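Structure record follows, encoded as structure tokens.
The values are calculated or read from the model by the stated rules, or taken from the named source; none is laboratory data. These numbers come from a predicted model, not from an experiment. Reconstructed Cβ throughout: ideal geometry from the backbone, glycine too, with neighbour counts over all protein chains shown.
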Amino acid sequence: MQDGQLKKQSLFFDVLIVVVAVALLALTSAFGFEAGTPPKKAAASVWLGLYIIYLGVLFLLSYFFSRKSYVLGGLMWVCENFSRPRSRHMAFFYFALGLALGLSALLFGLGVL
């Protein structure tokens, strides 16, 4: 019975992760962001920055909780199989990259940059 509860929690957490990611991406495109073009509106840059930061945070969470969720386990698999060097520690690099790129988009959208 406990395995069923763990699977339900993991599945619920996975659905929550995907719903938040899709919502942030939908808000980004709803405010005028189109792939391959610079953002036309400041709100699109703000939502894009939040989305990129969210992806970076997911990589950080995947380092610590990769066995708790299928999505986080998949992100850790990317770190261990598609990165050079192949290591769990690449999750920190992807977190830092997402944080830096996301903050720059966020600050651009807020008019600081």
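Please go through the stretch 85-113 and pick out each residue that is touching a residue at least 12 places away in the same chain (Cβ under 8 Å) and aliphatic (A, V, I, L, M).
Ala91, Ala96, Leu97, Leu99, Leu101, Leu103, Ala105, Leu106, Leu107, Leu110
Take the residues in the stretch 30-67 that are of a type in the set (Ser, Thr, Tyr) and modelled with pLDDT of 85 or more; name whichever of them is farthest from Leu106 (Cα to Cα). Full working, then the answer.
Filtering the stretch 30-67 down to residues of a type in the set (Ser, Thr, Tyr) leaves 37, 45, 51, 54, 62-63, 66.
Subset that is modelled with pLDDT of 85 or more: 45, 51, 54, 62-63, 66.
Values: Ser45: 6, Tyr51: 10, Tyr54: 12, Ser62: 23, Tyr63: 25, Ser66: 28 Å.
Going through the qualifying residues, I end up with Ser66.
Tally the residues that are more than 20 Å from Val20 (Cα to Cα) and either of a type outside the set (A, V, I, L, M, F, W, C) or modelled with pLDDT of 95 or more (or both), restricting the search to the stretch 68-86. Walk me through it before giving the result.
Our first condition is that a residue be more than 20 Å from Val20 (Cα to Cα); within the stretch 68-86, this holds for 77-86.
Restricting the remaining residues to those that are either of a type outside the set (A, V, I, L, M, F, W, C) or modelled with pLDDT of 95 or more (or both) gives 80-81, 83-86.
Residues that pass the stated criteria total 6.
Limited to the stretch 75-84, what total is found for residues that are among the hydroxyl-bearing types (Ser, Thr, Tyr) and touching a residue at least 12 places away in the same chain (Cβ under 8 Å)?
Residues in the stretch 75-84 being among the hydroxyl-bearing types (Ser, Thr, Tyr) and touching a residue at least 12 places away in the same chain (Cβ under 8 Å): 0 in total.
How about the stretch 46-69: which of its residues are farther than 30 Å from Gly32 by Cα and loosely packed, with under 15 Cβ neighbours inside 10 Å?
Within the stretch 46-69, Phe64, Phe65, Arg67 qualify.
Could you list, in sequence order, all residues of the stretch 14-31 that are over 24 Å from Gly73 (Cα atoms) and β-branched (Val, Ile, Thr)?
Step one: filter the stretch 14-31 for residues over 24 Å from Gly73 (Cα atoms), giving 26-31.
Thr28 - this is the single residue of the stretch 14-31 that is over 24 Å from Gly73 (Cα atoms) and β-branched (Val, Ile, Thr).
If you scan the stretch 66-103, which residues turn out to be touching a Gly at 6+ places or on another chain (Cβ under 9 Å) and assigned to a helix (DSSP H, G or I)?
Tyr94, Phe95, Ala96, Leu97, Gly98, Leu99, Ala100, Leu101, Gly102, Leu103
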